[in-house]
Amino acid sequence: MDIIFYHPFFDAQDWLAGMEKRLPQAKVREWRRGDKRPADYALVWRPPHEMLANRCDLKGVFALGAGVDAILEQERQHPGTLPAGVPLMRLEDSGMAQQMQEYALACVLRYFRRFDEYQVQQQQQRWLPLVPHQQNDFTIGILGAGVLGKSVAQKLVEFGFNVRCWSRSAKQISGVQSFVGQAQQEAFLTGTRLLINLLPNTPETLGLLNQRLFAHLAPGAYLLNLARGAHLVENDLLQALEQGQMAAATLDVFANEPLPPTHPLWRHPRVTITPHIAAITLPEQAMDQIAANIVALETGQSPTGVVDIQRGY
Ligand SMILES: NC(=O)c1ccc[n+]([C@@H]2O[C@H](COP(=O)([O-])OP(=O)(O)OC[C@H]3O[C@@H](n4cnc5c(N)ncnc54)[C@H](O)[C@@H]3O)[C@@H](O)[C@H]2O)c1
Ligand SMILES: O=C(O)[C@H](O)CO
């Protein structure tokens, strides 16, 4: 069994050794330009077009992350980036759910307990207790109730928050009100005080976080964009912050990453920025999941995380 690996910045040696330890029958190599030798499986993140093009010998392609928008965009721009009929699998959880819970909970509590405002007061040496937010006036809405959205919702319910979710199909998550599709989006947004985005980036969700959406939220709302920068219309957020419709935002993802140092979001007093670290790929857990999926494929069983190319995630 031959496996090829490509990641723009991960240390390939750790992955080659880790995969061969899990699959002793496999020979794992780092793919380099010009390598056209046969391969059974490919582990990739933003692979060059030539890496997979015409590799119909592949039995499966594994994305080294949860979001597959980049590879699907490459396929749209350069048809054939993904060999036709070869299954594309993504990472489901593999240690990202707990990280996303930690990140979301930290941000929710920061805004709910007004620590962001106390930070400003500290700079002013101002000793002023603020009126606490109340949980019944701090409804949290989660866009996307899949592996990560569901996990975050469950954690926030544990902390006593009113939580609702929005997804393509109805979800049964204890303590979480489920809203479905375009027909129920406005009802989902109305009264939501803190919005968490955990949607996949697809043609349907592109630019979803815009002025129209912000206007339906409770006045003085908060945004956590933990999914993709392509979801956010940045100027609409800046305007909503200026007008007070939005109180503050924490952004982990951006249309252009790394975020250019001259970008105005860096200096906005009510915007907090992190460098796409909300839930990183954890090599050990990722390799466990990928190796198990390869064994499944080799033994005629169904792998997990199979991407619906047409649906976009
Ligand atoms: N910032 C980070 O570090 C980080 C880490 C991991 C994942 N992510 C992002 O989080 C996203 C979600 O990951 P996941 O594993 O939970 O994905 P998932 O596929 O398990 O869940 C996606 C959810 O979005 C919903 N959805 C999709 N299209 C929709 C639409 N048009 N309307 C309404 N709902 C829609 C689905 O119903 C599902 O509930 C990823 O696609 C990725 O972009 C970011
Ligand atoms: O966006 C993703 O898929 C995460 O960053 C994991 O790499």
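The values are calculated or read from the model by the stated rules, or taken from the named source; none is laboratory data. Please read these numbers as outputs of a predicted model, since none were measured by experiment. Positions of Cβ are backbone-derived with ideal geometry, glycine not excepted, and every protein chain shown enters the neighbour counts. Just the protein is used for accessible areas: all its heavy atoms, side chains included, with ligands, DNA and RNA removed. Shrake-Rupley method; radii C 1.70, N 1.55, O 1.52, S 1.80 Å.
Output the peptides 147-156, 34-43, 192-201 sorted from most to least packed, where packing is the average of other Cβ atoms within 10 Å over each peptide's residues.
Highest-to-lowest ranking by the protection proxy: 192-201, 147-156, 34-43.
Quick one: with all protein chains in place, what share of the accessible area of the range 96-273 is carbon or sulfur, to the nearest percent (1.4 Å probe)?
After summing per-atom areas, the C and S share lands at 53 percent.
To the nearest 10 square angstrom, how much accessible area does residue 90 have with a 1.4 angstrom probe?
50
For the range 45-67 and the range 181-243, compute the distance between their C-alpha centroids and round to whole Å.
If you average the Cα positions of each part, the centres end up 32 Å apart.
What accessible area per residue, rounded to a whole number of Å², is obtained for the range 96-273 using a probe radius of 1.4 Å?
48
At q = 0.08, 0.11, 0.12, 0.14 Å⁻¹, work out log10 I(q)/I(0) for the chain with the Debye formula, treating every Cα as an identical point scatterer and leaving solvent out; two decimals please.
For the chain, the Cα-only Debye profile gives -0.41, -0.73, -0.85, -1.07.
Looking only at the range 96-273, where both bridge partners belong to it, what percent of the DSSP beta bridges are antiparallel (to the nearest 5)?
Looking only at bridges with both residues in the range 96-273, the antiparallel portion is about 5 percent.
How big is the equivalent ellipsoid of the range 96-273 along its three axes, where each semi-axis is √(5λ) from the Cα gyration tensor, reported in whole Å from largest to smallest?
Over the Cα atoms of the range 96-273, the ellipsoid semi-axes are 24, 20, 15 Å.
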